[in-house]
Amino acid sequence: ESLTVPTPTVSVTAPNTQTVGQSLTLECNVTSVRGITSGVDIVWSSGGTVVQRTNDTTATVLDNSAVYADTYTISQLSTSDEGRVYQCEVVINTSPPVMATGSVTLDVTVPNPTVTISPSGPIQGAMVGSPQVINCTVSTVSGVESSSVMISWMGPGGGSITSDSRVTISPTTSSGNTYTSSLQFTYLMEGDMGTYMCNVTILDTSELALVELESLTVPTPTVSVTAPNTQTVGQSLTLECSVTSVRGITGRVDIVWSSGGTELERMMGVSVSS
């Protein structure tokens, strides 16, 4: 009275190399029995959305089986394709229909980005107390989405840098396939010398660039000495020395009083008032 159509087997394959920015063709092979006269449809989907349907697929008949094949091409892979599952469903339009499904999970890679840092360094003679900006520029391929680009900064000793009242990391900005981040010092301190690294991570791909803040110059301070207007013989007199310098000095500041080449008093480790 009725004939049963065996459930076919479905295999979905993808190339071993799946590179962001390039196209990718998936292949679906369906192996069934000979003798099927009903239409055979192949439906591609991802995340519950149908992306391609091929109706009445033609079979290649072998000795003991019939093979149906179909392909689906992704024109350009993006970073959001990482881990995406594509399904190939075969529908044999008997009554009732016979269906089977196969799938493949994408494992995409990102070409190494080009990372440049400016000033390219080494940075020499920057002034303590002055602002300094170090820019990091990342160039990558089409298909890299901004949400997948992670830029971080490391300072002397390899420690991570986070924004504070003196040092700010700007939000990453993008223009086309180029991303930029800046490390901004409100003012430099003596202890800021060392190597600064911009580290870029996109999925499992990492690249970095570095610059050396090699030397810092402390500007010459201004010194003023004042005495009271009234200077009377036989009475005491207090002189006042005021030194104005820049922020960021971490070394010890000493003040030495002298007269006629003779040192009168040395004040070591004078406190700074901001």
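The values are calculated or read from the model by the stated rules, or taken from the named source; none is laboratory data. Quick caveat: nothing in here was measured; it's all calculated off a predicted structure. Quick reminder, even Gly has a Cβ in these numbers, built from the backbone with ideal geometry, and neighbours come from all protein chains shown. Calculation scope for accessible area: heavy atoms of the full protein, side chains included, ligands and nucleic acids excluded. Shrake-Rupley method; radii C 1.70, N 1.55, O 1.52, S 1.80 Å.
Restricting attention to segment 222-231, which residues are assigned to a strand (DSSP E or B) and more than 30 Å from Leu188 (Cβ to Cβ)?
Within segment 222-231, Thr226 is the sole residue that qualifies.
How do the pairs read when you match residues in segment 116-130 that are farther than 17 Å from Val167 by Cβ with residues anywhere that are in a loop (DSSP other than H, G, I, E, B) and among the aliphatic types (A, V, I, L, M), using Cβ under 7 Å and keeping only pairs 6 or more apart or on different chains?
none
Considering segment 194-204 alone, what residues qualify as being surrounded by fewer than 17 Cβ atoms within 10 Å (Cβ to Cβ) and assigned to a strand (DSSP E or B)?
The answer is Gly194, Thr195, Thr201.
Counting just the residues of segment 108-127 that are more than 19 Å from the chain's Cα centre (by Cα) and either small (Gly, Ala, Ser) or within 21 Å of Ile169 (Cβ to Cβ) (or both), which one comes out most open to solvent (accessible area, probe 1.4 Å)?
Top of the filtered list is Ser120.
Here are Gly234, Gly191, Gly248: which of them is of a type in the set (Gly, Ala, Ser), at positive phi and either in a helix (DSSP H, G or I) or free of Cβ contacts under 8 Å to residues at least 40 places away in the same chain (or both)?
Step by step, each of Gly234, Gly191, Gly248 is checked, and only Gly234 is of a type in the set (Gly, Ala, Ser), at positive phi and either in a helix (DSSP H, G or I) or free of Cβ contacts under 8 Å to residues at least 40 places away in the same chain (or both).
Considering only residues of segment 128-145 that are within 11 Å of Val110 (Cβ to Cβ) and under 14 Å from the mean Cα position of the chain (by Cα), which is surrounded by the fewest Cβ atoms within 10 Å (Cβ to Cβ)?
Only one residue fits best here, namely Glu145.
Among the residues of segment 209-231, how many are open to solvent by 80 Å² or more (accessible area, probe 1.4 Å) and touching a residue at least 60 places away in the same chain (Cβ under 8 Å)?
2
Scanning for something among the polar types (S, T, N, Q) and touching a Gly at 6+ places or on another chain (Cβ under 7 Å), does segment 209-221 turn up at least one residue?
Yes, because at least one residue in segment 209-221 is among the polar types (S, T, N, Q) and touching a Gly at 6+ places or on another chain (Cβ under 7 Å).
Considering only segment 165-182, I want to know if a residue exists there that is open to solvent by 60 Å² or more (accessible area, probe 1.4 Å), closer than 21 Å to Thr250 by Cα and of a type outside the set (D, E, K, R).
The answer is yes; a qualifying residue exists.
Looking at Val40, Val30, can you tell me which residue is over 19 Å from Thr105 (Cβ atoms), modelled with pLDDT of 90 or more and in contact with a Pro (Cβ under 6 Å, 6 or more places away or on another chain)?
None of the other options fit; the residue is Val30.
Could you tell me whether any residue of segment 258-273 is small (Gly, Ala, Ser), at negative phi, part of a loop (DSSP other than H, G, I, E, B) and open to solvent by 90 Å² or more (accessible area, probe 1.4 Å)?
Yes, segment 258-273 has at least one match.
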